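Below is one structure, written out as structure tokens; comments come after it.
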Amino acid sequence: MIALLSTSITYLGLNLSSPLLLGSSPLTRHLEPVLALARTGLGAVVVHSLFEEAILQADQGADGSTAPIDAEPSWPSPDAHLAQVRRLVQALKIPVIASLNGRHAGGWVRYARLLQDTGAAALELNLYYLNAHLDLDSQTIESDLVRLVADVRAAISIPLAVKLGPYFTGLPAFCRRLTDAGANGLVLFNRFYQSDLDMEALQVVPTLRLSNSEDLLHPLRWTAILSRRVAADISLSGGIHTSNDLIKALAAGATTVQATASLLRHGPAHATTLLAGLSAWMAEHHYTSIAELRGRLAENSAVDPTNFERASYIQSLRTWDLRSMS
Ligand SMILES: Cc1cc2nc3c(=O)[nH]c(=O)nc-3n(C[C@H](O)[C@H](O)[C@H](O)COP(=O)(O)O)c2cc1C
């Protein structure tokens, strides 16, 4: 008898038909690609972010004062953003997760509530931040970000996921502070876009390189370290391009897995391919539910991960030595 196979999971308290999510991206600016994606069996859609800077710009415009210099003039207004989230919520049968993107506590946080009012099932708060101040230490930065999370948590009653950058010195402790402040989920990780140098024009050139499967290794490691240690669902974001990537992320302990670059590159049909590959692998390896697979390769919470990671590091270097000598 063939056992029935279920890919349904619970993420942030939401029942989803599959663990694959569309990560926050410009795809949600238009209805058509998202409707096509929703037909592939995707579990939920994360909307492109509403930025702190866009809200401040609109607020300052309303005051009659000038926009801050780091604001992007071509941003749609926050009201247009809310209207688009509302449109997505009405058009889709799968949950829509709104996204707010900023780094300072302040009045702009009221938009968390306005995003909730669109009917979004949950909110993802992206804490994109790269510190370049010599006088700002990591403790201060983390405390500011935790305060922002607490403010957003206080403004809404829907589930809250927090999307983090990959470079925090004390990531596990910071994650615990975020969950203590009310984060129900952690999205690992935000992708930092790098600037390059054009040596003919002698200019800094912003670059947006889409990820590939190699970029999975960093979020995969942290998902494996944290998934049994934090009191929050982990959603892995970064480097999901093949079914194998998706399966690895689940085995490391991710509750959901977000794909962005691969869906931007290949379109909605790719989500069908990813999910078909997951189902085929589960059937071949006799898994009947995601729960049986999830966390199979997560690190044991009883083992000190620091020693384990250092031992793995030393072992990797030694393996390379032996290979290069043979
Ligand atoms: C063109 C583009 C736009 C993006 N816009 C957002 C955004 O508005 N908010 C956000 O949280 N992440 C945004 N991201 C980041 C993705 O959601 C994702 O975290 C990142 O691309 C890593 O996943 P991937 O390797 O599957 O692309 C964007 C990524 C791309 C490529």
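The values are calculated or read from the model by the stated rules, or taken from the named source; none is laboratory data. This one's a predicted model, so the numbers in the text were calculated from it and none came from an experiment. All Cβ positions, glycine included, derive from the backbone under ideal geometry; neighbour counts span all protein chains shown. Side chains included, ligands, DNA and RNA excluded: accessible areas come from the protein's heavy atoms. Shrake-Rupley method; radii C 1.70, N 1.55, O 1.52, S 1.80 Å.
If both residues of a DSSP beta bridge must be in the chain, then about 20% of such bridges are antiparallel. A simple spin-label model places pseudo-atoms 7 Å from Cα toward Cβ; at Leu317 and Asp196 they are separated by 3.1 nm. The share of accessible area on region 190-258 that comes from carbon and sulfur is 54 percent, using a 1.4 angstrom probe.
Quick one: length gained pulling Arg29 to Arg87 fully straight, 0.36 nm per residue minus the C-alpha distance? It would help to have the intermediate numbers written out before the result.
Numbers: separation 58, 0.36 × 58 = 20.88 nm, distance 1.03 nm.
Using 0.36 nm per residue and subtracting the Cα-Cα distance, I get 19.8 nm.
Rounded to whole numbers, the Karplus 3J(HN,Hα) couplings from phi for region 13-22 are x, 9, 7, 10, 6, 8, x, 8, 10, 7 Hz, using 6.51 cos²θ - 1.76 cosθ + 1.60 with θ = phi - 60°, and x at Gly and Pro. The order of the peptides 131-137, 187-193, 205-211, 41-47 by mean Cβ neighbours within 10 Å, most packed first, is 41-47, 187-193, 205-211, 131-137.
Normalised by the number of residues in the chain, what is the relative contact order in percent for Cα pairs under 8 Å and 6+ residues apart? Intermediate results must be reported in sequence, preceding the final value.
Numbers: 581 pairs, mean separation 56.2, N = 326.
Here the relative contact order equals 17 percent.
What fraction of the Cα pairs in region 247-326, stated in percent, has a spacing above 16 angstrom? Looking at region 247-326, the distances longer than 16 Å represent 68 percent of pairs. Long-range amide H contacts for Ile234: which residues qualify at under 5 Å (H placed 1.01 Å from N, peptide plane, sequence gap of 5 or more or a different chain)? For Ile234, whose amide H was placed from the backbone, the distant partners under 5 Å are Leu186, Thr255, Thr256. Per-residue 3J(HN,Hα) values for region 132-148, derived from phi via the Karplus relation 6.51 cos²θ - 1.76 cosθ + 1.60 with θ = phi - 60°, read 10, 8, 5, 9, 10, 8, 5, 4, 5, 4, 5, 5, 4, 5, 5, 5, 4 Hz in sequence order (x marks Gly and Pro).
Remark: region 228-326 carries a charge dipole of roughly 120 debye about the Cα centre, counting +1 on each Lys and Arg Cβ and -1 on each Asp and Glu Cβ. Projected label points at Arg221 and Asp180, each 7 Å from Cα along the beta carbon direction, are separated by 2.6 nanometres.
Taken about its Cα centre, region 9-325 carries a charge dipole of about 1060 debye when Lys and Arg each add +1 at the Cβ and Asp and Glu each add -1 at the Cβ. Averaging 1/r over every pair of different alpha carbons in region 72-212 and inverting the result gives a Kirkwood radius of 16.8 Å. Here region 7-146 is described by how far its Cα atoms reach on the three principal axes: 48, 36, 22 Å, from widest to narrowest.
For region 9-325, report the convex hull volume of the alpha-carbon atoms normalised per residue, in Å³, without decimals. Each step should come with its number before you reach the end.
On the way: hull volume 56.4 nm³, N = 317.
Looking at region 9-325, the number lands at 178 Å³ per residue.
Average accessible surface for region 9-325: 49 Å² per residue, computed with a 1.4 Å probe over protein heavy atoms with every protein chain in place. Protein-only accessible surface at a 1.4 angstrom probe places the residues Leu250, Leu35 in the order Leu35, Leu250, largest first. Computed on the Cα atoms alone, the convex hull of region 190-260 gives a volume of 94 cubic angstrom per residue.
Taking 7 Å steps out from each Cα toward its Cβ at Ala173 and Thr207 produces label points 3.5 nm apart.
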